[in-house]
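Colleague: Dropping a structure here in structure tokens format, bear with me for questions.
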Amino acid sequence: MTNIAKISALASAPPDTSGVWDDLVQQDRVHRRVYTDDSIFAREMDNIFAATWVYLAHESEIPEPNDFKLSWIGLREVIVARDEDGVVHAFSNRCSHRGASVCREHHGNAADFTCPYHGWRFDNRGQLFGIPGKSAYGPKFKSRDMNLARPAQLGSYKGFVFATLNPDAPPLLQHLGNATRYLDAWIDHNGGPENLCLLGGCTSFPPGLQLEDGVGQRWRWLPCAVLAPVAAGDDQRSLRRRRHGLFRRRGPLQDEQ
Ligand code: FES
């Protein structure tokens, strides 16, 4: 059977046939079913996005106290926020009451978030601190159990923030393994972690939001971030201007001066 015939046969195989999916990826081609099969997508969410560390943001995206941005762990929307003490937190953008989104902006600066449904208020650590008409919820209601859900683990490597939903996932450093060598080399080449700033060019589609092209193929999850060295004297406005020259340094690095 030729590769093409084999792949065609696989395309009509039962969706949960374990092991068969490996054959969908050939040395010289990938069957489109990998991108369109709902069961493969569900397994991808369970076995990758819910099981291991997922990159959320670069700390330079939330440089000031109370800055926040939205990110995703698989299908779960997450708020990444810096509190007033400068500590980075991550918590679910899903109200602990009835599940409404508590934040509708992609990024911004806010000390707290108010759910639009019944007005519960959460601080930028994800803790519930305000409930309108609290007495109406009854005597057994315990607000301390209703903070926004947090990922099981949150970690940062030289400004790159990751989280995982899996409490048994290995520590971040262990997960990154030899990848840190390449990250370190690239970061050092650009003057160190403090010298890096995300300028823009960041495009991400939540995995649940799949784009469909003309042949019925759905494209998933396209994270792409552009980091570049910060030149001396850069402020947010000049950084925005530099989006047009993403990889060009406007000023010398410190050790080049
Ligand atoms: S759903 Fe958020 S306050 Fe009710």
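The values are calculated or read from the model by the stated rules, or taken from the named source; none is laboratory data. Because the structure is predicted, anything quoted here is derived from the model rather than measured. Don't worry about glycine lacking a Cβ; one is built from the backbone with ideal geometry, like all the others, and counts go over all protein chains shown.
Colleague: Kindly establish whether residue 149 is under 16 Å from the mean Cα position of the chain (by Cα), in contact (Cβ under 8 Å) with a residue 40 or more places away in the chain, within 28 Å of residue 52 (Cβ to Cβ) and within 16 Å of the ligand (Cβ to nearest atom).
Modeller: yes
Colleague: Only one of 101, 92 is under 28 Å from residue 63 (Cβ atoms), modelled with pLDDT of 95 or more and surrounded by fewer than 17 Cβ atoms within 10 Å (Cβ to Cβ). Can you tell me which?
Modeller: Among 101, 92, only 101 is under 28 Å from residue 63 (Cβ atoms), modelled with pLDDT of 95 or more and surrounded by fewer than 17 Cβ atoms within 10 Å (Cβ to Cβ).
Colleague: Still on this structure, I have one more. Determine whether residue 104 is free of Cβ contacts under 8 Å to residues at least 40 places away in the same chain, in contact with a Phe, Trp or Tyr (Cβ under 7 Å, 6 or more places away or on another chain), in the same structural domain as residue 53 (by TED's automatic domain parsing) and within 14 Å of the ligand (Cβ to nearest atom).
Modeller: Judged against the criteria, residue 104 is not a match.
Colleague: Follow-up question, since we're still on this one. Report, by residue number, each residue of segment 119-143 that is within 16 Å of the ligand (Cβ to nearest atom), exposed (fewer than 15 other Cβ atoms within 10 Å of the Cβ) and either in contact (Cβ under 8 Å) with a residue 24 or more places away in the chain or not hydrophobic (A, V, I, L, M, F, W, C) (or both).
Modeller: Passing the criteria: 119, 130, 132, 133, 134, 135, 137, 138, 142.
Colleague: I'd like the residue in segment 120-157 that is among the basic types (Lys, Arg) and at pLDDT 95 or above and, out of all such residues, is nearest to residue 91 (Cα to Cα).
Modeller: Per the stated criteria, the residue is 150.
Colleague: Looking at residue 85, is it under 23 Å from residue 169 (Cα atoms), away from the ligand (no atom under 16 Å from the Cβ) and free of Cβ contacts under 8 Å to residues at least 40 places away in the same chain?
Modeller: Answer is no for this residue.
Colleague: Only one of (1) surrounded by fewer than 19 Cβ atoms within 10 Å (Cβ to Cβ); (2) more than 12 Å from the chain's Cα centre (by Cα) is not met by residue 77, so which one is it?
Modeller: With respect to (1) surrounded by fewer than 19 Cβ atoms within 10 Å (Cβ to Cβ); (2) more than 12 Å from the chain's Cα centre (by Cα), residue 77 is out only on (2).
Colleague: Follow-up. Considering each residue of segment 107-118, count those that are polar (S, T, N, Q) and within 13 Å of the ligand (Cβ to nearest atom), and give that number.
Modeller: Qualifying residue count for the region: 1.
Colleague: Identify all residues within segment 166-184 that are among the charged types (D, E, K, R) and over 24 Å from residue 76 (Cβ atoms); write none if there are none.
Modeller: 181, 184
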